[in-house]
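The values are calculated or read from the model by the stated rules, or taken from the named source; none is laboratory data. What you see is a predicted model; the values in this text were computed from it and never measured. So basically every Cβ, Gly included, is an ideal-geometry build from the backbone, and we count neighbours across all protein chains shown. Only protein heavy atoms, including side chains, enter the accessible area calculation; ligands, DNA and RNA are left aside. Shrake-Rupley method; radii C 1.70, N 1.55, O 1.52, S 1.80 Å.
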Amino acid sequence: MITLSIVISDWVATGIFLLYLTLVVSCVVVILSENRNPIRSLAWIIALLALPVVGLVFYLFFGRSLRGHHMITRHNKRKLMHHFTSRPVDLGTLQLNSGAHQLIKLAHSLTRSPLTVNNEIRIFTEGREKFDSLMRDLENARHTIYLQYYIFQDDVTGSAVAEILKRKAREGVVVKVIYDHVGSFSSSRRFFRDMKNAGVDTHPFFRVTFPQLANRINWRNHRKIVVIDNEIGYIGGMNIADRYVDGLPDGSAWRDTHFRVRGDVVQSLLYSFAVDWYFLKKPDSMIPLHCSPHTLRNSCAMQLVTSGPVEVWNNLSLCFLRAISSARKSIYIQTPYFLPTDALLNALEAAALAKVDVRVMIPSKSDSRLLLLASFSYVTRCLKAGIKVYLYTPGMLHAKAMTIDDDFATAGSTNFDFRSFENNFESNLLIYDREVNARLREIFFSDLEKCRKLKYSQWKSRPLPQRMLESFIRLFAPIL
């Protein structure tokens, strides 16, 4: 009897081992067939072979690619495009350089996003001002409110926004809300259920449950988009939570950048929301894509570029690379997390070595200690190439903005890191306008007065344990 038990146990152990081996070999085959970056592919293969079980779990959660998958069916996309109308723009009438022309064409090739003019933009750098404006516009909504945020917190700020949404829904305004399930995980179910019961059509993006944990947890919708009455739009880096208004619990500031827009670009925001809505399998509630005529007539040119893990290309990474490579005078970057891809880091180094004024601003203290340490691991190389690096000292710098030369700027939800470029669903405005560029540069230099400039001689002499820790954490940059 004991011998039989031993034999059965041996068979069970052998079966488990063969099953595990089959899974590992299958993952290796998938990695090889995807033809990704050889270094990253090799790293995953080594992890699978050298870290039994742990390597497989990490790969299933963070190593797989959705590249080339479709967010919505071609049929639904054709229906959306049929209702999407944009006014043609003659590039010859705009005072743009050849680099801007190429960037416009690149963005259109990647996302079919049209260049729009006749736009008005307001820049917010403080949360209170932004939420006062947003809530005022929500109160004045007459027909529709489409709202999408990575974090929708059930705190004082979030509850105030939710109360307006519920009240407008009871008044007959069509209100649709998308929130990221992981980003808003700390908010109670009752918070969103109360909105739904009041008539707000509320849905989580990529709800993470146990059977789908590995399939969904790594890909998050980081976009922050609001469209009101198809006339007013909001886009930027601020989520809905108290810290964007009141700062951090220790009393330090929270510095961010957000936009309020009117004009032709609003339809692009509307289209982005509609695609995400259909991705949630909600084709029964059609979103009208027609925007009301407006009286704005100017040459403030903008393009909305969206990016995500299901796209064929890394859309925003390619647009950033093209914009940086075309710089002739200056590149000013503000980002909470600085974990650039090799291509983007090389482009910044090349620009600095060619005597372009390259400046990168990151926080001195962050809401993520790991990401800050990983960001620090890139600083030495930047300083050596002549890139000026500044640490923002009043608090958390969460702004995600870049200005290049005199006539290009971009801001939105995209951090300057691997996760934003490869794993998250993101959205940024590309702005081809000297006035907006000048205002953002003015904001950058105002923030510069609150920064500590890093010096190469001092930075490279940091304690060895700290440098080793930063370098170790950097190994995990693609999944942080």
Elements of type strands (runs of 3 or more DSSP E) contained in the range 373-459, each with 2 or more residues being among the polar types (S, T, N, Q): 426-432
Any chance ALA385 is surrounded by fewer than 18 Cβ atoms within 10 Å (Cβ to Cβ) and without any contact (Cβ under 8 Å) to a residue 12 or more places away in the chain: no
Residue in the range 242-252 that is modelled with pLDDT of 95 or more, within 27 Å of GLU126 (Cβ to Cβ) and outside any helix (DSSP H, G or I) present: yes
From SER325, SER317, residue being open to solvent by 10 Å² or more (accessible area, probe 1.4 Å), closer than 17 Å to SER420 by Cα and at pLDDT 95 or above: SER317
Residues that are part of a helix (DSSP H, G or I) and out of contact with any His (no Cβ under 9 Å at 6 or more places or on another chain), drawn from the range 253-269: VAL265, SER268, LEU269
Given (1) under 30 Å from ARG220 (Cβ atoms); (2) more than 21 Å from the chain's Cα centre (by Cα); (3) open to solvent by 10 Å² or more (accessible area, probe 1.4 Å), number of the condition SER457 does not satisfy: (1)
Some residue of the range 142-155 being of a type in the set (S, T, N, Q), surrounded by fewer than 18 Cβ atoms within 10 Å (Cβ to Cβ) and touching a residue at least 24 places away in the same chain (Cβ under 8 Å): no
Residues being assigned to a loop (DSSP other than H, G, I, E, B) and open to solvent by 20 Å² or more (accessible area, probe 1.4 Å) - total across the range 342-367: 6
Odd one out for SER109, checked against (1) surrounded by fewer than 19 Cβ atoms within 10 Å (Cβ to Cβ); (2) modelled with pLDDT of 95 or more; (3) part of a helix (DSSP H, G or I): (2)
